[in-house]
Amino acid sequence: MRYIGVRYIIALIIVLVTLWLVLSGYFNKPLLLWLGSASVIFTIILTIRMRIIDNESVPYFNLFRMVPYLVWLVVEIWKSTIIISATILRPDMVLTPRLIRVKTLPSSGFGRALFANSITLTPGTVSIDLDDDEVIVHTLLKEMTNRGDFAEMARRCAIAAGEKEPAF
Amino acid sequence: MIEWGVWLDLARHGLAGAMMLAGACFMLIGSIGVLRLPDFYARIHAAGITDTLATIFLLGGMIVESGLTQTSAKLALVGMLLFLTSPTATHAVANAAHKAGLKPRLGTIAPPHPRDREDG
Amino acid sequence: MIFFISLLITLSMALILARLLRGPQLYDRVLAVNSFGTKTVLFLCLFSFLINRPDGVDIAILYALMNFIGTIAVLKFFRYRSLDIALSDMAPREYAAGEDK
């Protein structure tokens, strides 16, 4: 029997109850509240039985570290969207696509998933393959192949995923 | 006292309209890019504009428009779902094309010089 | 104002449809369908403002989930030519349950 973290179960219960209340919007109908608690209890029993309660399925403890990262990410998305939009709207469009390998990766699984998703979210760079020690990235313009930018993003991802000392 | 409320409401609706308009413009730019770019891997980048900044601006504008209600919470949920699923779907499409052996066009892709065209 | 913005979104949906009909590769079409779905979600949110009934946002939530699942299902089908395939046959490496690589 694997150890099941109680704090994950409590966090999951809180999130599920909040989700039900937000989506239904009725606080004074006893029938709906009973149905909601039944659904929450059923979901909790299922997740415990499937043994998927861990930091990956209940990532809400990373939430407070995620907020500054998301703000930084939105600013980066804004900057690169302006560049890509200007490129698309020019009548004589000049593209310099490149396929590069990024070797700097966060060490935890959550950090890697966050890193690859962030690369894809930023217009101009798309992660097209993820391997054990590298990400293959397709970039639309050669200005976006700067290794330092990717290392900076990987460092911030590692911090947001809760790693103590990023390796770079 | 009532004056302030009226002005605040006006500013709120103006901000919401401006944000939604910016989002719709970015969405249009992304669609033009999907139609215009020459290569599949290049079109992904244009579709990414729709997935990120247009979504942020449109949903942000709608949240500002609806104020602190249940609707704005639901809109925030929509935004969270789109933010979680859209990069995964984009990566899945790109990875499937890569695994199937579709080669990207690399190097420099530029329009032909006017003197090289037929009518130039 | 909201009506004008809905018109702009409809225009961009029409442009995406053009790419969907033209797209030379299968992946162009999948990308166009996925992008069309995102636009539909946003259009549904705006439309519920337009007709002043906030219930439309619930439909938008459902559509966002179904769009994602549909895209993944189509890609899985065209990669393995079947939807009835076990997870252990799909992944190149097998991870033990709960093990953090």
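The values are calculated or read from the model by the stated rules, or taken from the named source; none is laboratory data. These numbers come from a predicted model, not from an experiment. Cβ sites come from the backbone with ideal geometry, for glycine too, and all protein chains shown count toward neighbours. Only protein heavy atoms, including side chains, enter the accessible area calculation; ligands, DNA and RNA are left aside. Shrake-Rupley method; radii C 1.70, N 1.55, O 1.52, S 1.80 Å.
For the stretch B:65-87, the set of residues classified as free of Cβ contacts under 8 Å to residues at least 12 places away in the same chain and either crowded, with 21+ Cβ neighbours inside 10 Å or more than 7 Å from chain C (Cβ to nearest Cβ) (or both) consists of B:SER66, B:LEU68, B:THR69, B:GLN70, B:THR71, B:SER72, B:ALA73, B:LYS74, B:MET80, B:LEU84, B:THR85, listed by residue number. Do we have any residue at all in the stretch A:31-40 that's among the β-branched types (Val, Ile, Thr), out of contact with any Cys (no Cβ under 6 Å at 6 or more places or on another chain) and without any contact (Cβ under 8 Å) to a residue 12 or more places away in the chain? The answer is no; no qualifying residue exists. Kindly establish whether A:VAL40 is in the same structural domain as A:THR18 (by TED's automatic domain parsing) and open to solvent by 10 Å² or more (accessible area, probe 1.4 Å). Considered against the rule, which asks whether it is in the same structural domain as A:THR18 (by TED's automatic domain parsing) and open to solvent by 10 Å² or more (accessible area, probe 1.4 Å), A:VAL40 comes out as yes.
When the stretch A:16-37 is filtered for residues that are within 19 Å of A:ILE52 (Cβ to Cβ) and either more than 12 Å from chain B (Cβ to nearest Cβ) or open to solvent by less than 50 Å² (accessible area, probe 1.4 Å) (or both), only A:LEU16 remains.
Scanning the stretch B:88-99 for residues that are surrounded by fewer than 18 Cβ atoms within 10 Å (Cβ to Cβ) and either more than 10 Å from chain C (Cβ to nearest Cβ) or within 19 Å of A:ILE100 (Cα to Cα) (or both) yields a count of 1. Each residue in the stretch B:7-44 was checked for being more than 10 Å from chain C (Cβ to nearest Cβ) and among the basic types (Lys, Arg), and 1 pass. Residue count for the stretch B:44-64 under the criterion of being buried (at least 23 other Cβ atoms within 10 Å of the Cβ) and within 28 Å of B:ALA97 (Cα to Cα): the result is 12. Residue pairs whose Cβ atoms lie under 7 Å apart, separated by 6 or more positions or on different chains, with the first residue in the stretch A:84-99 and in contact (Cβ under 8 Å) with a residue 24 or more places away in the chain and under 19 Å from A:VAL126 (Cβ atoms) and the second among the basic types (Lys, Arg) and open to solvent by 20 Å² or more (accessible area, probe 1.4 Å), are A:THR96/A:LYS142; A:PRO97/B:ARG105; A:ARG98/A:LYS142. Selection within the stretch C:1-46: residues that are among the aromatic types (Phe, Trp, Tyr) and either under 22 Å from B:THR85 (Cβ atoms) or more than 9 Å from chain B (Cβ to nearest Cβ) (or both). The member of this set that is least open to solvent (accessible area, probe 1.4 Å) is C:TYR27.
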